[in-house]
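Provided herewith is a single structure, encoded as structure tokens, for subsequent inquiry.
The values are calculated or read from the model by the stated rules, or taken from the named source; none is laboratory data. Being a predicted model, the structure only gives us computed values, none of them experimental. So basically every Cβ, Gly included, is an ideal-geometry build from the backbone, and we count neighbours across all protein chains shown. For the accessible areas, the whole protein counts, side chains as well, though only heavy atoms, and no ligand, DNA or RNA atoms are used. Shrake-Rupley method; radii C 1.70, N 1.55, O 1.52, S 1.80 Å.
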Amino acid sequence: MVRKVAKFMLVLLLASLTLTACGSDATTATPVVPTTAPAQASPTTAPAATTGNAATTAAATTAASAATTAASVATTVAATTTSAAAPRGQTLTIAVAAYPASLDPTKNTPTEEPYMTLAYDSLLQFDADGNYQPLMATAWKWIGNDFKTLELQLRPNVKFSDGSTFDAAAVKAWFDVQKKTNGSGSTGLDSAEATGPLTVQIHLVQGNPLLPSFLTRNWITGDIACPAAAANPALVSTATCGTGPYMLDAKSTVTADTYTYVPNPNYWNPNAIHWNKIVLKVVANPQAALDALKAGQVQLIAPADTAVIDAGQTAGMKLAGVELNVQGLDFLDREGKIVPALKDARVRQALNYAIDKDALSKVLGGGKGRPVSTQFLPGSDGYDATLDSYYNYDVAKAKQLLTDAGFANGFELTILSAPFLGFDTLSQAVASYWQAIGVKTTIDSKPSVAEFLTGLSSGKYGVAVAGLGATTPTLITYNCCFKPGSAWNPSKTPVPDLQAIIEKLAATDATQAGPVAKQVNKYITEQAWFVPVLATKLYFLYSPKISGVTPTATEASPNILNIVPAQ
Amino acid sequence: MFKIIGYRLLVSLPLLFFVTALTFFLVSFTPGDPAVVILGQNHTPEEYQRVREQLGLTQPLLVRYGDWLGDIVQGNLGTSIFNQEPVVAILNSRVGVTLSLVLGTTLVSTLVGVGLGLASALRRGFLATIVDTVSLLGFALPNFWLALVLVAIFSIGLHWLPAIGYVDPATSPGDWLRSLVLPVLVLSAPIIGVLAQQTRNAVLEVLDRPFIQTLRAGGASPASILFRHILRNAAIPIVTVVGLTFVGLLSGTVIVETVFALPGLGGLAVQATSRHDLPIIQGVVFYFTVIVIVVNLLVDLAYAWLNPRVRVA
């Protein structure tokens with residue numbers, strides 16, 4: 001009998017193990033909620049979790065402060081966004097790393113853009129070349145020449161997912177909500193006015209030629225929720241009600257873990273719906289995301305951690321990505337209050353020449369970086385390829401500059417650093433190069449983002465590590481990162497030379513801003529405000545079973561709506 | 001038996017009160033400000049004050065705790081600071097995952113661990129060596145490493161089981177079971193060893209007692225000896241370990257939840273803590289405390305059933 005009992009227990013053991021083996025092919029099963037990860041708007045301005053906020057802040061601040069005057073511009077694009085009907089895919093699951101605090105568009109930042117894009121067609125959109133294209137607004141023009149009033153002609157015959165009508169009254173109501181709730185896109189907004197059934201004017205407190213860019217999916221501001229949500233914004237904190245191709249399936253959604261979207265039955269352009277279901281699955285662990293991609297449970301990791309890219313490609317996955325970040329250092333103390341030597345531009349230039357960026361770009365950032373000498377990247381109107389190699393590695397020149405500045409024997413400084421995003425490694429590498437020209441460096445690493453950010457504005461550090469890549473229009477970058485008193489330029493001392501260029505830029509129509517924006521880049525690079533080391537990309541790893549994962553210089557986060565089943 | 005239940009429940013109420021109060025005040029005193037987390041570093045004093053008022057953070061601490069207790073009586077655990085979603089709804093969407101993991105792990109590890117321990121005690125020799133080896137391996141293998149290996153074999157290699165995620169049993173019972181297999185195996189590995197050794201030692205101790213020899217000499221059947229006498233006498237320490245294991249698993253699933261991207265309460269607690277979302281933290285603690293109280297009650301009832309002297313005491 002004892003033997004029978006032992007056998008029985010053994011059978012139980014085998015049975016439990018057999019459960020493991022009785023599954024079906026993962027490509028057809030995919031039971032476990034598929035996923036997607038939000039394309040972090042990220043490393044553009046700040047480390048880690050703060051990136052999206054920083055970007056939003058930058059946008060908002062620009063809207064509030066950008067200068068005035070310019071010629072009236074009328075832009076009308078006739079194109080309609082329809083595509084040929086194609087068989088829909090069953091489920092697209094995207095592994096995302098972050099989740100939104102709320103689904104309310106007024107509370108969201110570019111970091112949460114994928115969650116919004118699925119359910120809200122923005123008023124305008126960018127094409128692959130960075131040109132504005134119609135979406136919910138079919139035409140738009142500036143009223144007057146001060147960039148304070150933009151008139152939008154809205155797309156007719158559009159309904160929200162709840163069946164209500166999309167018109168000027170609905171758009172005005174939602175802008176009123178943004179203004180009333182002090183939402184993320186409200187800064188600089190004076191009012192919205194319905195001047196016709198399908199015509200609305202947006203009035204700004206101050207002129208801002210970049211307003212159209214804030215009405216694209218990048219900035220959420222142009223995502224309009226239905227009148228019911230305007231009357232009660234709480235409706236869209238855990239649900240969606242927009243004009244986008246999909247809507248949230250609340251029953252299949254677990255907050256902060258799985259967000260399931262199903263087709264919007266009232267969508268104005270059904271041919272643009274390519275999937276029966278799209279799932280954004282939060283997967284914080286990069287290895288788990290890669291495993292799920294390899295197992296066929298997810299089709300896209302957005303964005304993909306550089307640590308898993310090689311393994312993913314080896315497994316046959318595809319890779320897309322555009323440059324979004326510049327890793328380097330920021331001279332916080334250009335006035336020389338803490339480190340007197342840093343007041344002299346020649347010293348700052350010497351510290352740039354002293355670093356072998358070619359060598360560092362091969363070992364830092366997952367070995368996928370590109371050596372650079374400027375903070376501006378392709379996609380920004382201020383990008384100038386000729387400045388990319390402005391500071392080539394030249395120890396002799398660095399020493400000569402230090403001698404000319406009266407610091408032939410070097411000096412000491414402390415770098416504000418942090419353990420995340422590889423900052424400490426970068427600091428240590430740079431410190432070793434500076435040691436070679438007599439600059440003794442101490443590294444003060446702050447363990448948390450909050451402590452690091454506090455250190456930035458503390459006035460106690462001459463130099464800080466920086467993850468700042470300018471891919472947005474220069475006016476936005478200026479407000480976030482170069483303006484006196486901003487996050488990466490805490491000194492509040494005015495810089496007249498740069499201010500003059502900025503004022504000229506703010507009075508220039510966005511489509512003509514390139515030459516002026518490049519002057520900003522040139523000034524900051526020549527004055528060595530930063531020590532740019534390498535440019536890194538935001539990567540997206542995806543299955544060969546899908547296509548359309550196409551990030552662009554203007555929009556580093558690929559538009560999920562363009563992803564289709566591979567033919 | 002009813003006396004035991006009544007007594008335990010009576011003792012549990014102050015415990016529930018104490019634990020939630022302690023959590024409330026400890027979290028309130030820890031560094032970090034939810035208003036700052038929501039607003040980010042760049043905000044005006046007016047915005048900061050407005051958000052604090054919206055969150056009710058300008059109220060005295062005791063008033064806030066009193067409000068929370070008052071809401072509990074009505075089955076309301078408040079709303080999340082960040083998305084205003086009812087805490088009960090958030091917790092209910094995740095408690096199934098945690099209970100599935102914990103119950104599944106307890107069931108598998110108990111069946112396998114007790115089975116191995118029993119077989120080892122009865123057969124001894126080589127089998128005992130195997131049990132020791134399995135136990136050691138279970139302890140030694142880091143669960144995240146074991147998870148990676150199992151995923152590589154069964155998810156990526158064989159495509160038998162999902163690598164991540166959870167399926168609600170109401171959606172598909174089969175997929176629910178499949179989504180639990182790997183996480184449960186990973187969680188069970190170290191526990192199986194503990195239970196096997198515990199069971200073997202307990203059974204060996206009983207086997208050495210004279211009354212077993214007497215029973216055998218009296219002609220009692222092996223099944224009767226095993227189930228009515230050996231297992232019943234050895235069960236109390238085993239039940240104790242099972243109960244402790246269950247309680248430990250409640251907070252011990254966080255790593256496995258992360259590796260398998262499971263939306264459980266452990267991960268939720270971590271997220272809420274990093275965001276200083278006090279209502280969520282309080283809710284998780286409340287749920288965990290209630291579960292612990294229920295488990296302890298069940299363990300006590302098991303003691304009483306296994307050993308009549310406990311009932312008398």
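For chain B, what does the relative contact order come out to in percent, with C-alpha contacts under 8 Å and a separation of six or more?
Computed value for chain B: 28 percent relative contact order.
Still on this model: Rounded to the nearest 0.05, what FRET efficiency do B:LEU107 and B:ASP71 have when you use their Cβ-Cβ distance and R0 = 22 Å?
That pair, B:LEU107 with B:ASP71, gives E of 0.05.
What accessible surface, in Å², does a 1.4 Å probe find on A:GLU323, ignoring ligands, DNA and RNA and rounding to the nearest 10?
Approximately 30 Å² of A:GLU323 is accessible to the 1.4 Å probe.
Determine, for each peptide in B:246-256, A:416-426, B:292-302, the mean count of other beta carbons within 10 angstrom over its residues, then list the peptides with the highest first.
The densest-packed peptide leads the list: A:416-426, B:246-256, B:292-302.
Moving on. Using a simple spin-label model with points 7 Å from Cα along the Cα→Cβ vector, what separation in nm is obtained for A:ASN269 and B:ALA220?
Distance between the two pseudo-spin positions: 8.0 nm.
Still on this structure: R0 = 35 Å: FRET efficiency of A:LYS504 with B:SER28, Cβ-based, nearest 0.05?
The formula returns an efficiency of 0.10 here.
Then there is this: Using a probe radius of 1.4 Å on heavy atoms only, what accessible surface per residue do you get for chain B? Whole Å² is fine.
48 Å²
Moving on. Which FRET efficiency, nearest 0.05, do B:VAL149 and A:ASP310 yield, Cβ-Cβ r, R0 25 Å?
0.80
I'd like the interface area for chains A and B: accessible area of each alone minus the complex, both sides summed, 1.4 Å probe, protein heavy atoms only. What is it in Å² to the nearest 100?
When A and B are taken together, about 4000 Å² of accessible area is lost.
Still on this structure, I have one more. Order the following by accessible area, largest value first: B:PHE2, B:PHE82, B:PHE144, B:PHE25. Probe radius 1.4 Å; ligands, DNA and RNA are ignored.
Ranked from most to least accessible, the order is B:PHE2, B:PHE144, B:PHE25, B:PHE82.
Please state, to two decimals, what the Cα-based radius of gyration of the protein assembly as shown comes to when divided by 2.2 N^0.38 Å (N = residues).
Normalised Rg, Cα atoms only: 1.08.
What does the average come to when, for each residue of peptide B:183-194, you count the partner chain Cβ atoms lying within 10 Å of its Cβ?
1
Something else now. Restrict the search to the range B:43-152; then list the trypsin sites (Lys or Arg not before Pro) that DSSP places in a loop and that have at most 15 other Cβ atoms within 10 Å of their Cβ.
Passing sites in the range B:43-152 are B:ARG124.
Here's another thing I want to ask about it. Label A:THR454 and B:LEU10 with points 7 Å out from Cα along Cα→Cβ: what is the distance between them in nm?
Simple spin-label model gives 5.0 nm for this pair.
Sticking with this structure for a sec: Return the carbon/sulfur percentage of the accessible area of the range A:434-513, one whole number, probe 1.4 Å, all protein chains in place.
55 percent
Could you work out the relative contact order of the range A:322-537? I mean the mean sequence separation of Cα pairs under 8 Å and 6+ apart, divided by the number of residues, in percent.
Reported relative contact order: 38 percent.
Next question, about the same structure. Compute the distance in nm between two label points, each set 7 Å from the Cα along the Cα-to-Cβ direction, one at A:LYS397 and one at A:ALA566.
4.5 nm
So, one more: Using a/c under 1.5 as the rounded threshold, could you call the range A:322-537 rounded, prolate or oblate? The axes a ≥ b ≥ c are square roots of the C-alpha gyration tensor eigenvalues, and prolate needs a/b larger than b/c, oblate otherwise.
rounded
Same structure again: Classify the range A:142-215: rounded, prolate or oblate, from the alpha-carbon gyration tensor (a ≥ b ≥ c, eigenvalue square roots; a/c under 1.5 rounded; otherwise prolate if a/b is larger than b/c)?
oblate
Shielding of B:170-177 by partners, i.e. mean partner chain Cβ atoms within 10 Å per residue?
Across B:170-177, the average partner-chain Cβ count within 10 Å equals 3.
How much of the DSSP bridge set in the range A:322-537 is antiparallel, in percent, rounded to the nearest 5?
Just about 60 percent of them are antiparallel.
Okay, moving on. Of the cross-linked pairs A:LYS483/A:LYS504; A:LYS368/A:LYS483; A:LYS179/A:LYS251; A:LYS180/A:LYS492; A:LYS337/A:LYS440, which ones have a Cα-Cα span greater than 26 Å in the structure shown?
Pairs exceeding 26 Å: A:LYS368/A:LYS483; A:LYS179/A:LYS251; A:LYS180/A:LYS492.
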